[in-house]
Amino acid sequence: MRLELTLSISTHSERMCKTIVDAVEPDNAMAPPQIAMEMQCFGNTLFIRVNGENVSILTFRNTVDDLLEHISLVTKVIKSS
């Protein structure tokens, strides 16, 4: 089964968007080998594409959930500084 998810997340600035990408990039290396993630900033909008090939929907969902949790945490840390 092939799964694909595309997300766009608005941030306060392009700098914040790039900081989020830099902070969660190491998490992408920890994703299961059947899942590939791409993240790009266009202005202050973060675009994320997650692809899964021959992966269970539960594993795919958990991977996306972890990614979104990390983005949320990074955003809270940036806002509190």
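Say whether the condition of being touching an Asp or Glu at 6+ places or on another chain (Cβ under 6 Å) and either among the aliphatic types (A, V, I, L, M) or not in a helix (DSSP H, G or I) (or both) is met by at least one residue in the range 1-10. Yes; the residues of the range 1-10 include at least one that is touching an Asp or Glu at 6+ places or on another chain (Cβ under 6 Å) and either among the aliphatic types (A, V, I, L, M) or not in a helix (DSSP H, G or I) (or both). Kindly evaluate Asn54 against the criterion of being touching a Cys at 6+ places or on another chain (Cβ under 8 Å) and touching a residue at least 12 places away in the same chain (Cβ under 8 Å). For Asn54, the condition - touching a Cys at 6+ places or on another chain (Cβ under 8 Å) and touching a residue at least 12 places away in the same chain (Cβ under 8 Å) - is not met. Here is the figure for the range 22-81: residues that are exposed (fewer than 15 other Cβ atoms within 10 Å of the Cβ), more than 17 Å from Ser10 (Cα to Cα) and under 11 Å from the mean Cα position of the chain (by Cα) total 5.
Rule-based calculations on the coordinates, nothing more; no lab input. Keep in mind it's a predicted model, so treat the numbers as computed, not measured. Quick reminder, even Gly has a Cβ in these numbers, built from the backbone with ideal geometry, and neighbours come from all protein chains shown.
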